[in-house]
Amino acid sequence: MFDDKTLSKYDLTIGIECHVQLSTVTKLFSGADNDARDKTPNSVVSPIDYALPGMLPVLNREAVNLAVRAGKALNSKIANISRFDRKHYFYPDLPKGYQTTQMYNPIIGPGLVNVPMEDGSSIEVRIHHAHMEEDAGKLTHHGAHSLVDLNRAGTPLIEIVSEPDMHSPAEAKAYASELYKLMTYAGVTLGDLYHGNMRFDVNVSIAPKGATELGKRAEVKNLNSFRSVERAAEYEFRRQVELVERGESVVQETRGWDEAKQKTSSQRSKEDAQDYRYMPDADIPPIVLSDEDIKKIQSNMPPLPSHYRESWGDLGFDSSAINTVLASREIAVLLGDIYPLAANKEAILNELNVDEPGYIDLTKKIFNWFISTPDEYINIDTVLDGTVGPRRLLELAQLVVGGKLSSTSAKQIFLALFNDSNVGKSAIEIAEEMNLIQESSEDAIVAVVDEVLADPASKQAIDDLRAGNEKVIGFLVGQVMKKSQGKANPTTAQKLIRERIKNG
Amino acid sequence: MSVIFDFLGKSARQNVLDALEKAKSNEQYHALLNLTEKRALERADSVDRGEITGQLAGVPFVVKDNFLAFGAPTTAASKILENFESPLQATAVEKLESEGAICIGKANLDAFAHGGSTENSAFGPTKNAFDMERVAGGSSGGSAVVTALDIVPFALGSDTGGSIRQPASFNGVVGVKPTYGAVSRFGVVAMASSTDVIGAFTTNVADAELIMEIITGHDERDGTTLPDFFKKADVKTNQKIGLIKDFMTSDVDPEVLARTNEYVEKLRAAGHTVEEVELPMAKYALAIYYIVVPAELSSNLARYDGIRYGYRAEGVKTLAELYGKTRDLGFVTENKRRIMIGSYVLSSGFFDAFYLKAQKARTLLINEFDKLFEKYDALIGPVVPTPAFKLGENTADPIRMYLTDIMTVPTSLAGLPALSVPAGTTDAGLPIGVQLMGPRRSDAALLALARQMETK
């Protein structure tokens, strides 16, 4: 479409609204089960959710508590008084004919999110506010008719509205990803992106470089992955530049994202915008929270990503590596238990028979395994139930340091730890089962070395080595490793090869 | 004296049969939309077998047909809910049933309680208990008339701007509009969330106190209910009572003024002090009410869309047509008028000018009441400017109809308790009620005062 030079004539501005599904047991205003995942349509719906006449909303205090925690993660002030309002429109997935939301007095006030970027830098994104609201149901279309599923109707959400503080698709992605971490770490949401637990609406506008006024924005709705946030922003940037370069103007509108085509397309323009006739909801008393109430709810909150970033700072990993392990809260909690050691430090060092630098060395090995392993290889259930805990990982790392396992074998065993069939087995048991224990005893390796050296294929290499070409020793060690199926300790093998050739 | 006590200890089946018989012989009043005969007799038999006991064991009653209640559809006197059978019951109904009371039928009302004459019922008006050519009042007209005709000793109603007090006044019965939040609204078809209250019609004050004791109280299913506070009280002597001057103008029917003044004299004779007081904001109350209430009801009625229950229009091609035609045919004219007014005052650009301004004026009105109650135990005035008017007299002019609410809406907007108690009749024999109003949570004290006056 364009060269970077054309794009660089424009400033890109992005603001993001994010819907976060709160992980309460019941819905925002009814006692119905809040977990609609994989449930039969309309099976978790109470008379309040389907708006039977005469039904009244009863506020779920647990949802309020989670919102108050979310506010802390966003560095926001929590309102001492917040209220619910009604947003009216007719649609079959909206049983009451209005959505209960917070238009005028939201519970979460202005805040700030520090967003680490891939390159180690960071940006600050201001939070305008965040409010509580209920989700709508779901409509599916089947040719001549449509079906309504109200399982999700009434699910508690918070909508986090950022200021337009992002200026590249990468920043938008990083913000979305950081928000995900903040909300999952704060224990506010299950964070199941596949089931839409977090959904992003990305507002994109362009303006000539240096302009003080923002351009007309297009809002791309309902993105449910960080990558689609980035790609939709990128696509919109180019689309809007193309429009302006052609002499046309950007229309303020709502657009959808087509994951298959990787394109946005217009859904409705501002002219079709509805008048929502917002009004206070008199059925729900205001949420009144004293400063003490707020402090109490926010105490004993689980650690946020910033806590881990700080406490792992001295391990020497770059921020993108740390972000990789922070992507999953369960892994962060596990690694947080390993490093830094807190209360029982001496006991653990004694038990492992290492000093502090030795322990850091073990820690780094464990971090590296997680950093280099894509999420889908890690069975989070085994982390959650403690099957893969600090003890097994440290044991595995020690096998490497002690020369019992090669780094390659250790990585194989690391992956095997998450396998259900290995539950209850120690790292060494798995290593033995997989026949990966490294042979360090010279007697066992000598035979293999002799075999390799006697092989005619090795003759050239032996001659070269004798002639002083040190490089070929690697070839010979490699042959030994191959014959021993990786079990020979390469250092021992090299030593024996040198001895044989010198003596021979 | 209590009429309810006369039903206790008798055959519940006989009580119910008698009530059903009276209901049928008074069909010409059209006070009831449906009888719940089968269920009522079953419950009566359970009471007679001793399976259900309680303070109201075997006492028949009627509910306004905007209460979710078993045994017959809950129609709200509308086409849109004509065949709607509720899967659960209103808290107030449940509380009465748990004391052994037996609902024998569902009373007529203005559709969705929009009106002051019961002429807005989709199923035809209810006639006044004292004059078949006159209106029953409304919106709880049916409940007032069944009580006045002694079909049942008490009936439930709802009051958003006078819907219990005005028909009580027109039919010569006691009507109680409690403090906002005193009785759970759960299971009552909502009109205006910030002023809807649930109350009762009885033939005497003692029965009203008994019913209030049973139906009031905190309900976890209604977040706006207050903690329990109602407790039948002895009358306080030497009360200071304010007569609202703004309600005693020449616009009010002379006979209404006369009956009110006579009641004032009775209060003085009983040792209370009555002084004239001013409530200047009262003249704005109707304007405030007809902004705030339509706004809220336009929202509360949005759920009647033909999708999940109730009437759905046939032969439509688009979703917009489905909504439009369903609501056009399902609602009566007055419903649609109020939905349009409500939608208008909430529209972008008008919200501040109408709705917010009305809410601010409402706060000023509340402040005026609160200030009066620093000095006075209760306030008194007429309920309605006139006795019951003729059927059809006001139907062509909605503003004239709305004006009948002028003295009942102030307390509704302020959430205060108010009673309509019989104060005699016109020369022609039409009942006239007087209104007693008190500070929030003074319901029992107001009833005690009314009880004292009843015996004078």
With the requirement that a residue be open to solvent by less than 50 Å² (accessible area, probe 1.4 Å), touching a strand residue (DSSP E or B) at 6+ places or on another chain (Cβ under 9 Å) and within 30 Å of A:P53 (Cα to Cα), what does the range B:223-243 give you?
B:T225, B:L226, B:F230
The range A:412-474: helices (runs of 4 or more DSSP H) wholly inside it with 2 or more residues that are touching a residue at least 40 places away in the same chain (Cβ under 8 Å) are A:442-454
Mind listing whichever residues of the range A:245-277 are out of contact with any His (no Cβ under 6 Å at 6 or more places or on another chain), within 14 Å of chain B (Cβ to nearest Cβ) and surrounded by 14 or more Cβ atoms within 10 Å (Cβ to Cβ)?
A:D275
Would you tally the residues in the range A:377-389 being within 11 Å of A:D337 (Cβ to Cβ) and either open to solvent by less than 40 Å² (accessible area, probe 1.4 Å) or over 22 Å from the mean Cα position of the chain (by Cα) (or both)?
2
Considering the range A:20-42, residues that are part of a loop (DSSP other than H, G, I, E, B) and of a type in the set (D, E), and then whichever is farthest from A:Q99 (Cα to Cα), we arrive at A:D38
Per the filter on the range B:80-118, residues more than 14 Å from every other protein chain (Cβ to nearest Cβ) and either assigned to a helix (DSSP H, G or I) or surrounded by fewer than 23 Cβ atoms within 10 Å (Cβ to Cβ) (or both) are B:K95, B:L96, B:E97, B:S98, B:E99, B:G100
With the range A:95-172 as the region, which strands (runs of 3 or more DSSP E) entirely inside it contain at least 2 residues that are of a type in the set (D, E) and buried (at least 18 other Cβ atoms within 10 Å of the Cβ)?
A:122-134
Residue satisfying all of: in the range A:331-359; assigned to a helix (DSSP H, G or I) and among the small types (G, A, S); most open to solvent (accessible area, probe 1.4 Å) among these
A:A347
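For (1) away from chain A (no Cβ under 14 Å); (2) under 23 Å from B:P167 (Cβ atoms); (3) touching a residue at least 40 places away in the same chain (Cβ under 8 Å), each residue gets a yes or a no:
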site: B:I198; (1), (2), (3): no, yes, yes
site: B:T202; (1), (2), (3): yes, yes, yes
site: B:V205; (1), (2), (3): yes, yes, yes
site: B:D228; (1), (2), (3): yes, no, no
site: B:Q239; (1), (2), (3): yes, no, yes
site: B:I244; (1), (2), (3): yes, yes, yes
Would you tally the residues in the range A:27-64 being more than 27 Å from B:Q89 (Cβ to Cβ) and open to solvent by 60 Å² or more (accessible area, probe 1.4 Å)?
6
Among the residues in the range A:256-272, are any touching a Pro at 6+ places or on another chain (Cβ under 7 Å) and not in a strand (DSSP E or B)?
no
I'm trying to understand the selection: among the residues of the range A:477-504, which are under 20 Å from A:S409 (Cα atoms) and part of a helix (DSSP H, G or I)?
A:V477, A:G478, A:Q479, A:V480, A:M481, A:K482, A:K483, A:P490, A:T491, A:T492, A:A493, A:Q494
Could you tell me whether the range B:280-287 includes any residue that is under 24 Å from B:E368 (Cα atoms) and not in a helix (DSSP H, G or I)?
yes
Please state which of the following conditions B:A378 fails to meet, knowing it meets all the rest: (1) more than 14 Å from chain A (Cβ to nearest Cβ); (2) open to solvent by 20 Å² or more (accessible area, probe 1.4 Å).
(2)
Within the range A:49-64, can one find any residue that is more than 10 Å from chain B (Cβ to nearest Cβ) and hydrophobic (A, V, I, L, M, F, W, C)?
yes
Condition met for B:A302 (at the interface with chain A (Cβ under 10 Å from one of its Cβ atoms) and outside any loop (DSSP other than H, G, I, E, B))
no
Restricted to the range B:346-375 and to residues being more than 14 Å from chain A (Cβ to nearest Cβ) and surrounded by 15 or more Cβ atoms within 10 Å (Cβ to Cβ), the residue farthest from B:S420 (Cα to Cα) is B:A361
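The values are calculated or read from the model by the stated rules, or taken from the named source; none is laboratory data. The structure presented is a predicted model; accordingly, all values stated were derived computationally and were not measured. Cβ: placed from backbone, ideal geometry, glycine included. Neighbour counts: every protein chain shown. We work out accessible area using only protein heavy atoms, side chains counted, and drop any ligands, DNA or RNA first. Shrake-Rupley method; radii C 1.70, N 1.55, O 1.52, S 1.80 Å.
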